[in-house]
């Protein structure tokens, strides 16, 4: 074969590759435009039966009963929890590529459960997105377990009914929830897995002073964090998702450090040959119910399924995975800067970082507990809310000397008047009969208290700020009240026995 013929054949092959690349890229642009339209019309697919992020097993079962009454979806009970609640597996699609997702392995991490229900609604819909839907469902068989840990979800707690973190039971497989997930993976042998969690509000997207709203990890399969084809596919797929999300939340994406954890399911599934993607739903300012984060989780899953269906993730560079900033614990719910504190007749300037913990109580329902996370120079940190306190001196809150006897007494108090005098506590004769988290903007102390708890790390965040002799702010259970406008910002107070 002479050189001219060789050249012509090479040129023809290059043209074919170029045309194929153009077709692929045009398809990607079309799919991205479709995802953009779905993002704009997300409310069409949002599961309306859910009014709170706190979904329990009863509500989930009702939604599945209603939504899976279709020939295009399969529902199967694949296991039982420690306390006997059903663990469900849903299948949608008939494609060759099997994808398995599971959510709420930790009972107090429900965001992805809600996003999976939204995804089910989208995949079962019949509208202008049918072309994208058809492409995905003909290429992919999508299996998902919503709420792997229904016992933990019932109490809105991380661990299962025995108090064990299920994501540390991948080796021993002692618990029925763990065995269910492992058995489903082994029976399906999916090419891709999605391990769906919520992360705490502490995480920042690198050091850019912005929260990591969505974070990713391509789990390793050994302590050396080596790469193989299975893990590389996870990385490339994460790049696809991050490119999609960057259109909506640039600079708010994070990447987890990839230390190997031999007890975790993601790491073990990679060992077994399933390219696993960890997606962590973080926090967005003023989104306590995580509605916006839920939407981003839905878009993440849709982007992933689209990329899997057309195999476009293959084109992504591994180096782009490492460009996603690594998570840093640099965020506080409330950050108070440049406060003056006096100790032994000397003045110092400090910052105070406060975080809220969500708690569920049968009597009070959903409540928040605000505690002091850190004190000192927090200039490298950021807050979802920040207040500049330069020139303000911190002072202990006062205890109001009128003892309350019933909750009705709390309804007759003029709290703003108390705040102006620096009072942030009231006394009660019998705190045992009062709710732990009263829905009043005040703290309740046992009448045996002589002085309030001090301002210290791990203590409840309760104090006042003075400008000269005047009280200008009070902090009650970690919530700052501005006395210049009487802002009603206290979610709930505390009963401190």
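Since every read-out is calculated from the coordinates, none of them should be taken as a lab result. Please read all numbers here as calculations on a predicted model, not as lab measurements. With ideal geometry, Cβ positions are generated from the backbone for all residues, glycine too; neighbour counts draw on all protein chains shown.
With both labels modelled 7 Å from their Cα along Cα-to-Cβ, the residue 390 to residue 69 distance reads 6.4 nm. For the chain, the longest principal axis of the C-alpha atoms and the axis of helix 111-124 are separated by about 40°. Rg and Dmax of segment 233-303, both derived from C-alpha coordinates alone, stand at 13.6, 40 Å.
P(r) for segment 80-190, from all Cα pairs and a bin width of 5 Å, is 2, 12, 21, 21, 17, 12, 8, 5, 2, 0 %, short bins first. Highest mean packing first, where packing is the average number of other Cβ atoms within 10 Å per residue, the peptides 461-467, 240-246 line up as 461-467, 240-246. Rounding to the nearest 10 and keeping the result within 0 to 90°, find how far the Cα-based axis of helix 176-188 lies from the longest principal axis of the chain. Between helix and principal axis, roughly 20 degrees.
Distance between the 7 Å Cα→Cβ label points at residue 131 and residue 466: 7.0 nm. As a ratio to 2.2 N^0.38 Å, the alpha-carbon radius of gyration for segment 332-496 is 1.00. Stretched out straight at 0.36 nm per residue, the stretch from residue 83 to residue 54 would grow longer than its current Cα-Cα span by 8.5 nm. The modelled label-to-label distance between residue 209 and residue 322, using points 7 Å beyond Cα along the C-beta direction, is 2.9 nm. The calculated pair-distance distribution of segment 45-329 uses every alpha carbon pair, bins of 5 angstrom beginning at 0, and gives 1, 6, 13, 18, 21, 19, 14, 7, 2, 0 percent.
Rounded to two decimal places and with Rh computed the Kirkwood way over Cα pairs, what is Rg over Rh for the chain?
Values: Rg = 26.5 Å, Rh = 25.1 Å.
Result for the chain is an Rg/Rh of 1.05.
Given their separation in residues at 0.36 nm each and the Cα-Cα distance between them, residue 364 and residue 76 gain 100.1 nm when the chain is fully extended. For the pair residue 458 and residue 43, the difference between a 0.36 nm per residue extended length and the Cα-Cα distance amounts to 145.4 nm. Here the residues 111, 380, ranked from fewest to most Cβ neighbours within 10 Å of their Cβ, fall in the order 380, 111.
Protection proxy ranking, highest mean first, for peptides 305-311, 402-408, 168-174, 426-432: 305-311, 426-432, 168-174, 402-408, where packing is the per-residue count of other beta-carbon atoms within 10 Å, averaged.
Rounded to two decimal places and with Rh computed the Kirkwood way over Cα pairs, what is Rg over Rh for segment 410-497?
Here the Rg-to-Rh quotient is 0.94.
Each principal axis of the Cα cloud of segment 371-434 was evaluated for its coordinate range; sorted largest first, these ranges are 45, 25, 19 Å.
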